[in-house]
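Asks: Handing you this structure, nothing more for now.
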Amino acid sequence: MDLKARRCKPCEGGTKPMSGSKAREYMKFADGWKLSGKRISINRRFKDFSKSIAFINRIAAIAEEEGHHPDISLHDWNQVRLTLTTHAI
């Protein structure tokens with residue numbers, strides 16, 4: 001399964017949440033991502049601060065296009081953590 005080729009579909013009220021077993025099945029194809037409760041997250045480390053910020057800006061552009069905005073944390077100048085969840089379901 002190529003998750004990179006898939007697009008985000010906006011969630012509307014009344015949509016059933018994905019089961020834990022189905023979520024764990026998808027996680028096999030999400031290299032580096034971790035599932036914790038109803039959230040998925042990943043940590044990335046970069047060579048320098050400017051590469052960290054460039055990555056954040058690329059993620060921000062994709063998130064805006066998809067209409068699904070992650071929590072983004074920059075710490076220790078070169079480490080970025082992305083966390084995704086849905087509030088609609």
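The values are calculated or read from the model by the stated rules, or taken from the named source; none is laboratory data. From a predicted model like this one, the values you see are computed outputs, not experimental measurements. Every residue, glycine among them, receives a Cβ derived from its backbone with ideal geometry; neighbour counts consider all protein chains shown.
Asks: Every residue in the range 34-58 that is modelled with pLDDT of 95 or more, of a type outside the set (Lys, Arg) and more than 14 Å from SER73 (Cα to Cα), please.
Replies: ASP48, SER50
Yes or no, residue by residue, for (1) hydroxyl-bearing (Ser, Thr, Tyr); (2) surrounded by 11 or more Cβ atoms within 10 Å (Cβ to Cβ); (3) part of a helix (DSSP H, G or I); (4) under 14 Å from the mean Cα position of the chain (by Cα):
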| residue | (1), (2), (3), (4) |
| --- | --- |
| SER52 | yes, yes, yes, no |
| PHE55 | no, yes, yes, yes |
| ARG58 | no, no, yes, yes |
| ALA63 | no, yes, yes, yes |
| HIS68 | no, yes, no, yes |
| SER73 | yes, yes, no, yes |
| VAL80 | no, yes, no, yes |
| THR83 | yes, yes, no, yes |
| THR86 | yes, yes, no, yes |
